[in-house]
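Colleague: Provided herewith is a single structure, encoded as structure tokens, for subsequent inquiry.
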Amino acid sequence: MLFDTHCHLDDERFDEDREQILEDMEARGIMPCVLVGADMPSSRACQAMARQRSWLYFSAAVHPHDAKDYTDTSHAELEKLMRDPKCVAWGEIGLDYYYDHSPRDVQRAVFIRQLDTAAALEKPVIFHVRDAHGDMTDILRAVDGRLPQGVMHCYSGSAEQAKLYLDMGFYISLAGPVTFHKAPKLQEVARMVPDDRLLLETDSPCLAPEPVRGRRNDPRNAQYIARHVAVLRGVSFEALCESTRRNGLRLFGIGEDA
């Protein structure tokens, strides 16, 4: 059984066939699954979807792209969402200096505020970081000692940077780009992450893996990521699915491995 730990099935690109995808996921054993919020409307939508199936869970947060729109009202609503039993994480939050949709100082302030509250509530964090590993590392070091558990989602950095995050106690999650032909750094990361700290995700609808690259992605494609990573690590597909599923259950406090 595969655990897609990060997808955005609330996205409008799934409006025509969302129910069919969910039925296929259940039939193929791609569960549980975490629906990840990126702003207030998507966080609410993920909550509503998670309530429809026992194996769906959700996270809630404001992504760095939308940090400029963050308010006290947003923060209060997120704290309320965290009390839902189906809410398993605060995320995705972090820093994105590639697009810079929000000013960097605003991104940092909103990230720190959400991170602090997640730690106080003892909720694991789903981290988003793009072209900002230096500032991310500085912020995390500054709050060392009261860091929550968390995962570097859709990891895109180097093996050396991954070691820093692992030393802080975080998980590393790999997505479709690890299957790309010109991704030697990510493939090095796939080989070096310890068995008990590796997660898999699709980040649907983005970043479809080989051999469906360029199409809309969905959780049914998690098999391609798992098979590729299993080869890189020299283990069976079944063993990788089991270990990454167990890691996800542990991180997000789901079921017998909570």
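Colleague: Of the conditions (1) under 16 Å from Asp135 (Cα atoms); (2) out of contact with any helix residue (DSSP H, G or I) (no Cβ under 6 Å at 6 or more places or on another chain); (3) part of a helix (DSSP H, G or I), Tyr98 clears all except one; give me its number.
Modeller: With respect to (1) under 16 Å from Asp135 (Cα atoms); (2) out of contact with any helix residue (DSSP H, G or I) (no Cβ under 6 Å at 6 or more places or on another chain); (3) part of a helix (DSSP H, G or I), Tyr98 is out only on (3).
Colleague: Right, next: Look through Gly248, Gly253 and report the one residue that is open to solvent by 10 Å² or more (accessible area, probe 1.4 Å) and under 17 Å from Val36 (Cβ atoms).
Modeller: Numbers: Gly248 fails: open to solvent by 10 Å² or more (accessible area, probe 1.4 Å).
From the options Gly248, Gly253, the qualifying one is Gly253.
Colleague: Follow-up question, since we're still on this one. Would you mention how many residues in the range 23-75 are closer than 29 Å to Tyr97 by Cβ, assigned to a helix (DSSP H, G or I), open to solvent by 30 Å² or more (accessible area, probe 1.4 Å) and not hydrophobic (A, V, I, L, M, F, W, C)?
Modeller: Matching residues across the range 23-75 total 8.
Colleague: Does any residue of the range 101-124 turn out to be open to solvent by less than 60 Å² (accessible area, probe 1.4 Å), under 19 Å from the mean Cα position of the chain (by Cα) and within 25 Å of Ala190 (Cβ to Cβ)?
Modeller: Scanning the range 101-124, I find at least one residue that is open to solvent by less than 60 Å² (accessible area, probe 1.4 Å), under 19 Å from the mean Cα position of the chain (by Cα) and within 25 Å of Ala190 (Cβ to Cβ), so the answer is yes.
Colleague: Quick check: anything in the range 104-115 part of a loop (DSSP other than H, G, I, E, B), closer than 23 Å to Asp39 by Cβ and without any contact (Cβ under 8 Å) to a residue 12 or more places away in the chain? Working first, answer last.
Modeller: Step one: filter the range 104-115 for residues part of a loop (DSSP other than H, G, I, E, B), giving none.
Scanning the range 104-115 turns up no residue that is part of a loop (DSSP other than H, G, I, E, B), closer than 23 Å to Asp39 by Cβ and without any contact (Cβ under 8 Å) to a residue 12 or more places away in the chain.
Colleague: Hey, among the residues in the range 78-91 that are open to solvent by less than 50 Å² (accessible area, probe 1.4 Å) and out of contact with any Leu (no Cβ under 9 Å at 6 or more places or on another chain), which one's farthest from Phe111 (Cα to Cα)?
Modeller: Filtering the range 78-91 down to residues open to solvent by less than 50 Å² (accessible area, probe 1.4 Å) leaves 78, 81-82, 84, 86-91.
Checking which are out of contact with any Leu (no Cβ under 9 Å at 6 or more places or on another chain) leaves us with 78, 81, 84, 91.
Working: Leu78: 13, Leu81: 17, Asp84: 22, Gly91: 10 Å.
In this case the residue turns out to be Asp84.
Colleague: Considering only the range 6-22, how many residues are outside any helix (DSSP H, G or I) and open to solvent by 10 Å² or more (accessible area, probe 1.4 Å)?
Modeller: Pass one, the range 6-22, residues outside any helix (DSSP H, G or I): 6-11, 15-17.
Adding the requirement that they be open to solvent by 10 Å² or more (accessible area, probe 1.4 Å) leaves 8, 10-11, 15-17.
Here the count works out to 6.
Colleague: Here is a further query. Just one of Leu232, Leu147, Leu199, Leu207 is among the aliphatic types (A, V, I, L, M), open to solvent by 20 Å² or more (accessible area, probe 1.4 Å) and within 21 Å of Cys46 (Cα to Cα); which is it?
Modeller: Checking each option against the conditions leaves just Leu207.
Colleague: Scan the range 54-95 residue by residue and report those that are of a type in the set (Phe, Trp, Tyr) and either touching a helix residue (DSSP H, G or I) at 6+ places or on another chain (Cβ under 6 Å) or within 16 Å of Ala118 (Cα to Cα) (or both).
Modeller: Tyr57, Phe58, Tyr70, Trp90
Colleague: Six or more apart or on different chains, Cβ atoms under 9 Å: show the pairs whose first residue is in the range 1-26 and without any contact (Cβ under 8 Å) to a residue 12 or more places away in the chain and whose second is in a helix (DSSP H, G or I) and open to solvent by less than 90 Å² (accessible area, probe 1.4 Å).
Modeller: Arg18/Met49
Colleague: On to the next question. Restricting to the range 238-258, what's the tally of residues that are modelled with pLDDT under 95 and aliphatic (A, V, I, L, M)? Even if it seems obvious, please write down each step before you answer.
Modeller: Filtering the range 238-258 down to residues modelled with pLDDT under 95 leaves 255-258.
Retained after the next criterion (residues that are aliphatic (A, V, I, L, M)): 258.
Total meeting the criteria: 1.
Colleague: Being of a type outside the set (A, V, I, L, M, F, W, C) and free of Cβ contacts under 8 Å to residues at least 12 places away in the same chain is the requirement here; does Arg83 meet it?
Modeller: Working: of a type outside the set (A, V, I, L, M, F, W, C): yes; free of Cβ contacts under 8 Å to residues at least 12 places away in the same chain: yes.
Against the criterion (of a type outside the set (A, V, I, L, M, F, W, C) and free of Cβ contacts under 8 Å to residues at least 12 places away in the same chain), Arg83 qualifies.
The values are calculated or read from the model by the stated rules, or taken from the named source; none is laboratory data. Just so you know, these numbers come straight off a predicted model, no measurement behind them. When we count neighbours, we look across all protein chains shown, and the Cβ atoms used for this are built from the backbone with ideal geometry, even at glycine. With ligands, DNA and RNA removed, areas are computed over all heavy atoms of the protein, side chains included. Shrake-Rupley method; radii C 1.70, N 1.55, O 1.52, S 1.80 Å.
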